[in-house]
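Notes to accompany the following structure.
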Amino acid sequence: MELFLISLLILLFFFLSLTLFILFHNHKSLFSYPNTPPGAIGLPILGESVEFLSSGWKGHPEKFIFDRLNKYKSDVFKTSIVGVPAAIFCGPICNKFLFSNENKLVTPWWPDSVNKIFPSTTQTSTKEEAKKLKKLLPQFLKPEALQRYIGIMDELAERHFNSFWKNREEVLVFPLAKSFTFSIACRLFMSVEDEIHVERLSGPFEHIAAGIISMPIDLPGTPFNRAIKASKFIRKEVVAIVRQRKQDLAEGKALATQDILSHMLLTCDENGVYMNESDITDKILGLLIGGHDTASVACTFIVKFLAELPHIYDAVYTEQMEIARAKAEGETLKWEDIKKMKYSWNVACEVLRIASPLQGAFREALSDFVFNGFFIPKGWKLYWSANSTHKNPEYFPEPYKFDPGRFEGNGPLPYTFVPFGGGPRMCPGKEYAKLEILVFMHNLVKRFKWTKLLENENIIVNPMPIPQKGLPVRLFPHQPLSL
Ligand code: HEM
């Protein structure tokens, strides 16, 4: 019996050693190319993921980048994140290179876990069709198309502030900002206004966000499994909305201009081909997901910085009140008003620089290429990082100082301010986000001044920056006369 146990242990030890050897060997062989960028490959499977993620959990995602830039003295360094070899591209020259080589040398890449949670157009359309559809998206979100929605955004903001902020002494900002941006998205994308319906859709999004940043283990009860289920649930709901709308349009019960969904159903490409139901569902889901937390993070940090910097608050208040005072009773904001909000937008841009909602994005090398004298093998993942320029004193002197003046005149140097990315994959929701952020600022400052309830609330970046406790604030309403 003893002999049997010893043999079993030896066998187990042998298999473990063999597995580790294969893992290390495979891991090393993934990097065994001559003249790749300097850097470390970390452990098999994990690579340097823990260091990459933990610098964000501690609130300083830029630390991972700047530690390595200093160590390797190169704008490109290699690492291994989520088990794959990657090169991190830093600075404006690298940003320009990646943004302008889209679909030539590089293509977007998401970890498998994300693809599992959001199975996309590639399942229903060929790659070429998916590319064509992508081209249509900016058409629905360009400023001219969005102008007609400003009044609706303002009305929704009025309703939101009356329901959740008015007559409260204290509020928790982050959940309210999320509810604000989500209800606008539901109304403008697909005319869903009923609060219970909005709530039914917004709940599962929390599971999706938690699943994306969890271990990709698809077993009942895991956050990853809940995220997959939540994504399926939302897709089903959106499919039902799309079908109903098709019917309503055919029966003359819905308007062609009432929202982005109608616009998509009635728009064809240059060959006269209309998007099918599944493609439209993908697009609407993409917009809901892309626009869900990003703009609410921006709104939350605007509230935080305006509380901390009263002189900036005063300047925003002056600009917004000039617009508010020129309005007749009940008149909503218009495109001309938005154009006057220059200082407020500079403040929002400074927020997007210091607390960028997205830290960067991955690409995949479509073929072998050489950049800055370094060999990048086909299949390697490449990452552009907003912080490598946003927090770099070379491009933004005193990078941690809040200074909206940086955006006056010509503003930052090209490819240094990149909260929305750049090139063909630049965020298609940029102008939409600008409008909703400015409408939020207008409605907030004309009603309140506020102070933070927690002096030193931690910021966690996971994967977006958020105040750890949701940013509780005390509200001080303005006298109605000052409106
Ligand atoms: C302050 C708010 C926002 C920020 C900072 C932001 C930032 C970004 C960034 C950095 C990307 C990735 C670009 C890349 O891959 O290089 C992106 C993609 C995207 N964003 Fe936004 N975004 C914001 C708001 C929105 C909104 C409101 C919408 C929807 C209306 C939206 C829809 C999308 C979509 C659909 C994509 C994917 C585009 C593609 O795959 O080509 N975003 N966004």
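Bear in mind that the values in this text are calculations on the coordinates, not laboratory data. What you are looking at is a predicted structure, and each value in this text was computed from that prediction instead of being measured. Methodologically, a virtual Cβ is constructed for each residue, glycine included, from the backbone with ideal geometry; neighbour enumeration extends over all protein chains shown.
Could you work out the relative contact order of the chain? I mean the mean sequence separation of Cα pairs under 8 Å and 6+ apart, divided by the number of residues, in percent.
This gives 23 percent for the chain.
Mind scanning K304/K401; K304/K391; K339/K452 and naming the pairs with a C-alpha gap bigger than 23 Å?
K339/K452
In degrees between 0 and 90, to the nearest 10, how far off the longest principal axis of the chain does helix 342-354 point, with axes built from Cα atoms?
Helix 342-354 sits at roughly 20 degrees to that axis.
Restricting to the chain, compute how many DSSP beta bridges are antiparallel as a %, nearest 5. Don't skip to the answer; put the middle values down first.
Details: 30 of 36 bridges.
The answer is about 85 percent antiparallel.
Evaluate E = 1/(1 + (r/R0)^6) for K327 and S32, where r is the Cβ-Cβ distance and R0 equals 45 Å; express this FRET efficiency to the nearest 0.05.
Details: r = 66 Å, r/R0 = 1.47.
It comes to 0.10.
Taking the alpha-carbon distance from K246 and a cut-off under 16 Å, which lysines remain once sequence neighbours fewer than 8 residues away in the same chain are dropped?
K236, K283
Which semi-axes, in whole Å and largest first, does the equivalent ellipsoid of the chain have when worked out from the alpha carbon gyration tensor as the square roots of 5 times its eigenvalues?
For the chain, the semi-axes come out at 40, 28, 24 Å.
Among C349, Q320, G360, whose Cα projects farthest towards the positive end of the dipole of region 298-446, with charges put on the beta-carbon of Lys, Arg (+1) and Asp, Glu (-1)?
Of the listed residues, the answer is G360.
Based on alpha-carbon centroids, what's the gap between region 170-222 and region 272-320 in Å, whole number please?
That distance is 14 Å.
Taking amide H positions as placed in the peptide plane 1.01 Å from N, state which residues far from L382 in sequence (5 or more) or on other chains have amide H under 5 Å from it.
Here the answer is A87, R363, E364, A365, since their amide H atoms fall under 5 Å of that of L382.
If you take the C-alpha gyration tensor of region 230-354, multiply each eigenvalue by 5 and take the square root, what semi-axes do you get, largest first, in whole Å?
The three semi-axes for region 230-354 are 38, 20, 13 Å.
Helix-derived [θ] at 222 nm for the chain: sum -39500 (n - 2.57) over DSSP H runs of at least 4, divide by residue count, nearest 500?
Result for the chain: -16500 deg cm²/dmol, rounded to the nearest 500.
Based on the mean of other Cβ atoms within 10 Å per residue, sort peptides 428-437, 46-55 so the most packed one is first.
428-437, 46-55
In debye, nearest 20, what is the charge dipole magnitude of the chain about its Cα centre with +1 on Lys and Arg Cβ and -1 on Asp and Glu Cβ, if you could check?
Here the size comes out at about 480 debye.
By average Cβ neighbour count within 10 Å, what is the ranking of 321-330, 298-307 from highest down?
My ranking of the peptides, most packed first, is 298-307, 321-330.
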